[in-house]
Amino acid sequence: MIPAPFEYLRAHDVAHALDLLREHGDEAKLLAGGHSLLPMMKLRLARPTVLIDIAELADLDYVRVDGDTLAVGALATHARVGEAELVRAEAPLIAHSASLIGDPQVRHRGTIGGSLAHADPAADLPMAVLAAGATLVLEGPAGRREVDADDFFTGFFTTALEPDEILVEIRLPRRAGEPWGYEKFVRRSNDWAIVGVATVAGRVALANMGSAPLRAAETERALAAGAGIDAAAELAAENTDPVSDLHADPAYRRHLARVLVARALSSAPG
Amino acid sequence: MIQVEVTVNGEARSAEVEPRLLLVHFLRDVCRLRATNVGCDTTSCGACTVLLDGVSVKSCTVLAAQADGHEVATVEGLAREGELHPVQAAFRAEHGLQCGFCTPGMVMASVGLLQANPHPTEEEIRIGLEGNLCRCTGYHNIVRAVLAAAEAEA
Ligand SMILES: Cc1cc2nc3c(=O)[nH]c(=O)nc-3n(C[C@H](O)[C@H](O)[C@H](O)COP(=O)(O)OP(=O)(O)OC[C@H]3O[C@@H](n4cnc5c(N)ncnc54)[C@H](O)[C@@H]3O)c2cc1C
Ligand code: FES
Ligand code: FES
């Protein structure tokens, strides 16, 4: 399987990538790690005629502390996010999430920005940044703007990104030492979550329980009101809309959500 | 067509290629290095694993264009002066292969794993090779081979 023909352009920095995006408009797609886009292009599920390779934008590959925030450049690979001491110390939930993605080869190529922009409802990092209360920094022709993770994932594989914008930075609240929990239910190794749960600081996010990653709002409210873990977890599947596929039907996914939320809340390694 | 230059096993290889050419086909058809196999073509099996700038990648899911200006290592480049690389020697000694189809990818994934973690535990090896499937061996001898290679290299 090979993708349909396209033109390949390599961007040197963010400004250059934005120029190329403007020049090529709807025809073009950004290429980061290529580990969602290339498989989709092989299957003809995506058919851009221009690829703008942003993988070499050295100005977007970093992890650094910025006041009470941990700033991660969009091109940091899953391997880097999973292994960097700074991420493991200041945002352990995010490091753990990245370290569970696919397999080592996938983590060497895939990037945090690519995963969030792709917005697969079953993916690890979208759920994790939602639980972490991250802020995403988008850059377009008019400059930079910030979008809360809560407002970024707008639906099935869709986000608040405009076609002429690039996701440049992920800003994570520093949470060194705070307890967190993560549950990824899979049947095969290197697979996406059948249902996933990430929780930290009273926030609980779910993967694959709807068309986008979701907050388990009723569970969060119950926890805030002082409910115990089991009572709060019972509410985890409220207002969810899980799909049916060969792995699980909606009723089983709701059951998994309740069980996994209870596990994530009680495991909370820290 | 675009011009790419990739250093493959230490040798500069340049060619005019279609932008959609996959790295695995660049290696097999342009460089005529046929050890790297295509198994699934869908990023699942790891048969096409090579090292790109020293880390393991699935070359069926990398464009030759993305490798332009970078270094690739394939299993053909491992042996030195007729001596098998310790990982190759260990796969042979421990019977880490049967049909051999997964082996080039398995060996390159193992080389990458040992570079990052020279003394892995058995569990770290099993997790580290999660991206490589073998239909024959049942994995035990592969894991043994990687443990033996780690010892031999120490
Ligand atoms: C075998 C396999 C197993 C996997 N398993 C998992 C898993 O268990 N969990 C999981 O979460 N994911 C999994 N993935 C997906 C993986 O995490 C991808 O790396 C990720 O979804 C996409 O990142 P990328 O850098 O490769 O993006 P690309 O494929 O390059 O791009 C994806 C999309 O995002 C856009 N884009 C990329 N970067 C930016 C940016 N900075 N700004 C704006 N738009 C951008 C692109 O235009 C494209 O539309 C798996 C993938 C494979 C192949
Ligand atoms: S052929 Fe590349 S992973 Fe199977
Ligand atoms: S030896 Fe046959 S697939 Fe591994």
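The values are calculated or read from the model by the stated rules, or taken from the named source; none is laboratory data. This is a predicted model, so every value here is computed, not measured. Glycine also receives a Cβ, built like all others from the backbone with ideal geometry; neighbour counts cover every protein chain displayed. Keep in mind that these areas ignore ligands, DNA and RNA; they rest on the heavy atoms of the full protein, side chains included. Shrake-Rupley method; radii C 1.70, N 1.55, O 1.52, S 1.80 Å.
What to note about this one:
- Residues considered: A:L38, A:L31. Of these, the only one that is within 11 Å of chain B (Cβ to nearest Cβ) and either modelled with pLDDT under 95 or within 16 Å of ligand 2 (Cβ to nearest atom) (or both) is A:L38.
- Considering the conditions (1) without any contact (Cβ under 8 Å) to a residue 60 or more places away in the chain; (2) open to solvent by 20 Å² or more (accessible area, probe 1.4 Å); (3) more than 18 Å from A:I101 (Cβ to Cβ), A:A201 is excluded by exactly one of them, (1).
- Among the residues listed as A:H118, A:H96, the single one being closer than 23 Å to A:I2 by Cα and assigned by TED's automatic domain parsing to the domain that holds A:F157: A:H118
- In segment B:21-32, residue farthest from the other protein chains (Cβ to nearest Cβ) [restricted to those that are away from ligand 1 (no atom under 16 Å from the Cβ) and open to solvent by less than 30 Å² (accessible area, probe 1.4 Å)]: B:C31
- Number of positions in segment B:56-95 that are in contact (Cβ under 8 Å) with a residue 60 or more places away in the chain and touching a Pro at 6+ places or on another chain (Cβ under 9 Å): 5
- Residue count for segment A:4-23, restricted to those that are basic (K, R), out of contact with any Pro (no Cβ under 7 Å at 6 or more places or on another chain) and not in a strand (DSSP E or B): 0
- Cross-chain or 6+ apart pairs with Cβ under 6 Å, segment A:96-112 first and within 16 Å of B:V55 (Cα to Cα) and open to solvent by 40 Å² or more (accessible area, probe 1.4 Å), then in a helix (DSSP H, G or I) and more than 8 Å from ligand 1 (Cβ to nearest atom): A:S99/A:G82; A:H108/A:A79
- Scan of segment A:159-183 for residues that are open to solvent by 60 Å² or more (accessible area, probe 1.4 Å) and free of Cβ contacts under 8 Å to residues at least 40 places away in the same chain, ordered by number: A:E162
Listed here are the residues, each with its yes/no results for (1) closer than 26 Å to B:E16 by Cα; (2) away from ligand 3 (no atom under 16 Å from the Cβ); (3) within 14 Å of chain A (Cβ to nearest Cβ).
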{"site": "B:D41", "(1), (2), (3)": "yes, no, yes"}
{"site": "B:D53", "(1), (2), (3)": "yes, yes, yes"}
{"site": "B:H70", "(1), (2), (3)": "yes, yes, yes"}
{"site": "B:V75", "(1), (2), (3)": "yes, no, no"}
{"site": "B:R92", "(1), (2), (3)": "no, no, no"}
{"site": "B:G96", "(1), (2), (3)": "no, no, no"}
{"site": "B:L113", "(1), (2), (3)": "no, yes, yes"}
{"site": "B:T137", "(1), (2), (3)": "no, no, no"}
{"site": "B:A152", "(1), (2), (3)": "no, yes, no"}
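- Per-region count, segment A:1-27, residues within 13 Å of chain B (Cβ to nearest Cβ) and either hydroxyl-bearing (S, T, Y) or in contact with a helix residue (DSSP H, G or I) (Cβ under 6 Å, 6 or more places away or on another chain) (or both): 5
- Among the criteria (1) within 16 Å of ligand 2 (Cβ to nearest atom); (2) in contact with an Asp or Glu (Cβ under 9 Å, 6 or more places away or on another chain), the one B:A90 does not fulfil is (1).
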